[in-house]
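Here is the structure we will look at, set down as structure tokens.
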Amino acid sequence: MKLNVMGGAALGVVLVAALTGCRADAGTSSGGAGAPVEARESPGSTQQRAAGAERCTADVLRARLGGLDQAAGAASSAVVVVNVGAASCYVRGYPGVAFADADGGLMLGSSERVGGPATRVTLRPGASAWAGIDWTAPRTPAEAAYVHAPRLLTVIPPDDTVKLKVPWTFGTPGDRGHIRIQPFRAGTGPS
């Protein structure tokens with residue numbers, strides 16, 4: 001059997017590259033033999049350690065609703081979260097919110113992110129952050145009948161998947177359960 005020398009050399013180069021040059025732990029970078037490999041971390045990990053706080057997760061947060069403000073067919077309140085953990089953590093961005101029945105089953109509705117920009121809010125143990133929410137009141141009895149009054153508002157912290165359940169006592173929302181949500185800010189919300 002006759003071996004093509006050029007084909008064999010090309011195959012050798014491909015094998016060497018596959019076994020060494022493409023691996024981050026091979027000891028060299030694509031800059032050539034002997035060039036040091038630079039260890040890299042994800043962008044958020046260095047920032048988190050430098051600031052001394054990790055992202056707040058549902059297991060260290062408790063949620064509640066602020067007071068109700070109503071006028072001319074519109075209503076607003078605030079989703080307030082408190083760090084109940086032993087260490088500082090941060091929230092950044094918008095919480096996920098949805099109306100739910102008494103058992104936590106999601107109901108018809110939608111949410112829309114408004115306002116901004118999203119900023120990082122560091123929460124020492126016991127500190128709070130809030131996100132404004134607003135919705136319309138039902139305009140007609142037929143609209144009120146379309147969406148049953150929720151019993152809970154589920155709140156998911158930014159970059160988390162675990163729901164916090166907050167009692168909803170503000171009646172039936174209008175606009176088919178549409179709710180607008182603002183990003184978190186420091187404090188407990190408007191008085």
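Every read-out reported here was derived from the displayed coordinates using simple, explicitly stated rules and does not represent laboratory data. Treat the numbers as computed from the prediction; the structure is a model and nothing was measured. Neighbour counts are summed over all protein chains in view; Cβ atoms, including those assigned to glycine, are modelled from backbone coordinates with ideal geometry.
Each residue, L106 and A87, gets one label point 7 Å from its Cα in the Cβ direction; the gap between the two is 3.1 nm. In order along the stretch 154-162, phi translates into HN-Hα couplings of 8, 10, 10, x, x, 6, 10, 10, 8 Hz, rounded to whole numbers, per the Karplus curve 6.51 cos²θ - 1.76 cosθ + 1.60 with θ = phi - 60° and x for Gly and Pro.
Given C-alpha coordinates of the stretch 77-191, what is the ratio Rg to Rh with the Kirkwood estimate of Rh?
Computed over Cα atoms, the ratio is 1.00.
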